[in-house]
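Scroll down for the structure; my scribbles are underneath it.
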Amino acid sequence: MSSLMENLHERAEELQAILDGITEPLVLIDSGFRVRRVNKATLEFSAEPDFSSILGRKCYEVLYNRSGVCPYCPMRDHHEDESDFDAQFEGKGEVGREIFHVANDQKETLYLDFFPIRKDGSIVSVVEKISNITRIKEKEEENLRIRNLASLGIFISGVAHELNNPLTGMSLTLQNLMNNLSSMDPNFFRKRLEMIKEDLTRAAMIVLDVISFAKPDKLVTTNADIHETIMKAKDSVTWVYPVLSKNTEWEILSEPGMTFQFNPVKMERLFINLFKNSLQAYDYGEGKIRVEVRRTRNMMHIFVEDTAGGIPEDMLDKIFSPFFTKNKSGIGTGLGLSICHSIVREHSGELTVRSYDRKTRFKISLPLVQPKGN
C-alpha cells in the first residue's frame with residue numbers, strides 16, 4: 001500500500017513538473033467554479049504567493065478579481081449546485097474567447113481556451129488556459145499602422161503626380177498665351193483655352209475620385225439608358241485623354257433604349273474609371289476596348305474587356321482595395337477600381353474580374369429594379 005502511495009505521489013509530482021514547465025497559466029476548475037489545480041504560471045498571473053492560497057477558491061475571484069461568474073465565461077449560465085458542465089459544452093469540444101483584462105493598471109489582451117474534462121460520460125471539470133496575446137496584438141496593430149501609412153504615402157504621391165500633369169499643362173499653356181498676346185489670333189487663343197479646359201477637367205476628375213472615396217453620396221436612382229451612359233463615358237474619356245486614346249479601337253455591343261433603374265452620374269463615373277484603366281494599360285499603343293451589354297430577366301450584365309496584357313493572378317484579389325495601383329512609379333491614385341466596386345455595391349450589384357489569354361474582362365451585374373430602401 002505504501003509503495004502504491006509513493007508511486008502515486010511520484011506521478012503527481014511528475015505531472016506537476018510538466019504543468020509548471022508550461023509558461024501559460026493552466027487552471028483546473030470543477031463544477032462549483034472552484035480551482036482544483038494550477039501551475040506556477042498561474043501564481044504569477046494571479047499574484048498569489050503559493051498554491052494553497054489559490055486552491056479551493058472561486059476561479060473568477062482569484063483569476064479576474066470578480067465577485068461573480070465572468071460575463072465571457074462559456075459556463076456563465078451554469079449553476080454552482082449542478083454536478084457537471086454538460087449543458088454548457090453540449091456538442092462542443094474546446095471553446096475559445098478573446099478578452100480585455102486590466103492588471104496593474106495595464107490593459108492586456110488575453111485569449112482563453114476551455115477544455116472540458118469528461119468522467120463517466122459527464123463533463124465534471126474544465127481546464128482553462130490563459131494566453132497573453134497583448135504583444136501579438138500590439139505588433140499586429142503596429143504593422144497595420146505601418147501599412148496604412150505606406151498606403152497613404154502611395155496615395156498622396158499618386159494624387160500629387162496625377163494633379164501635377166494637368167497643372168503643368170495649364171501653366172505652360174498660360175505662359176504660351178502671355179508670350180503671344182500681341183498676335184491676337186482668335187483661333188490660336190481658342191485652341192489654347194480648349195487645352196486649359198481639358199486640363200481643368202482632368203484635375204476635376206482626380207479631385208472627384210478622392211471626394212467620392214472619402215464621402216460617398218446617397219444613392220438616388222432613376223429610369224435611365226445604360227447605352228447612353230456608356231457612350232457618354234467613352235466620349236468623356238477620349239476627350240480628356242485624346243493622346244492616350246488615339247490608337248484605341250472601340251467595340252460597343254449595345255443599343256439605345258436599354259433602360260432600367262440606376263444612377264446615371266455614378267454609373268458614368270464607373271465606366272470612365274474602367275475605360276481609363278484600359279487606356280493606361282495599352283500605354284499609348286494600339287488596342288481595342290470591347291463593351292457588351294446583355295439583359296436577362298432580372299439583371300443587366302455589362303462586360304468591359306481589353307487585350308492589354310491581363311492582370312497577374314496574385315493581384316486579382318487586391319485590385320479593388322483602396323490605394324492599390326499596378327504602376328510601380330506611383331502614377332495614379334489607386335482609387336479608381338475601389339470606387340467602381342463601391343458604386344456597384346451601392347446598386348446592389350456585383351463587380352467581378354477575369355484575366356486570361358492576356359485579356360482583362362470586368363463584369364458588372366446590376367438588378368433591373370433596385371431593392372426597397374436602397
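This table checks each residue for (1) under 17 Å from Lys129 (Cα atoms); (2) modelled with pLDDT under 90.
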| residue | (1), (2) |
| --- | --- |
| Ala12 | no, yes |
| Ala17 | yes, yes |
| Thr23 | yes, yes |
| Ser53 | no, no |
| Val62 | yes, no |
| Cys73 | yes, no |
| Ser83 | no, yes |
| Gln88 | no, yes |
| Arg97 | yes, yes |
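Kindly evaluate Glu44 against the criterion of being closer than 27 Å to Glu140 by Cβ and part of a strand (DSSP E or B).
no
From the list Glu82, Glu61, Glu90, Glu108, pick out the single residue that is among the acidic types (Asp, Glu) and either part of a strand (DSSP E or B) or open to solvent by less than 20 Å² (accessible area, probe 1.4 Å) (or both). Walk me through it before giving the result.
Numbers: Glu82 fails: either part of a strand (DSSP E or B) or open to solvent by less than 20 Å² (accessible area, probe 1.4 Å) (or both); Glu61 fails: either part of a strand (DSSP E or B) or open to solvent by less than 20 Å² (accessible area, probe 1.4 Å) (or both); Glu90 fails: either part of a strand (DSSP E or B) or open to solvent by less than 20 Å² (accessible area, probe 1.4 Å) (or both).
After applying the criteria, what remains is Glu108.
Take Lys246 and decide whether it is surrounded by fewer than 18 Cβ atoms within 10 Å (Cβ to Cβ), modelled with pLDDT of 75 or more, among the basic types (Lys, Arg) and farther than 30 Å from Arg295 by Cβ. Show your work before the answer.
Details: surrounded by fewer than 18 Cβ atoms within 10 Å (Cβ to Cβ): yes; modelled with pLDDT of 75 or more: yes; among the basic types (Lys, Arg): yes; farther than 30 Å from Arg295 by Cβ: yes.
Against the criterion (surrounded by fewer than 18 Cβ atoms within 10 Å (Cβ to Cβ), modelled with pLDDT of 75 or more, among the basic types (Lys, Arg) and farther than 30 Å from Arg295 by Cβ), Lys246 qualifies.
Within the range 49-62, how many residues are among the hydrophobic types (A, V, I, L, M, F, W, C) and touching a Phe, Trp or Tyr at 6+ places or on another chain (Cβ under 7 Å)?
The initial filter retains those residues of the range 49-62 that are among the hydrophobic types (A, V, I, L, M, F, W, C), namely 51, 54-55, 59, 62.
Now drop any that are not touching a Phe, Trp or Tyr at 6+ places or on another chain (Cβ under 7 Å), which leaves 59.
Selection size over the range 49-62: 1.
Among the residues of the range 256-290, which ones are of a type in the set (Gly, Ala, Ser) and within 19 Å of Lys363 (Cβ to Cβ)?
Residues of the range 256-290 that are of a type in the set (Gly, Ala, Ser), as a first pass: 257, 278, 281, 285, 287.
Result: Ser278, Ala281.
Looking for whichever is of a type in the set (D, E, K, R) and open to solvent by less than 30 Å² (accessible area, probe 1.4 Å) here; the options are Glu255, Glu305. Which one fits?
Working: Glu255 fails: open to solvent by less than 30 Å² (accessible area, probe 1.4 Å).
Going through Glu255, Glu305 in turn, the sole match is Glu305.
Of the residues in the range 110-130, how many are without any contact (Cβ under 8 Å) to a residue 40 or more places away in the chain and in contact with a Lys or Arg (Cβ under 9 Å, 6 or more places away or on another chain)? Before the answer, list the steps.
Step one: list which residues in the range 110-130 are without any contact (Cβ under 8 Å) to a residue 40 or more places away in the chain, which gives 110-111, 113, 115-116, 118-123.
From the residues that got through so far, the ones that are in contact with a Lys or Arg (Cβ under 9 Å, 6 or more places away or on another chain) too are 110-111, 113, 115-116.
Matching residues across the range 110-130 total 5.
The values are calculated or read from the model by the stated rules, or taken from the named source; none is laboratory data. Remember, it's a predicted structure, so these values are computed and weren't measured experimentally. Neighbour counts are summed over all protein chains in view; Cβ atoms, including those assigned to glycine, are modelled from backbone coordinates with ideal geometry. These accessible areas exclude ligands, DNA and RNA; they are computed on the full protein's heavy atoms, side chains included. Shrake-Rupley method; radii C 1.70, N 1.55, O 1.52, S 1.80 Å.
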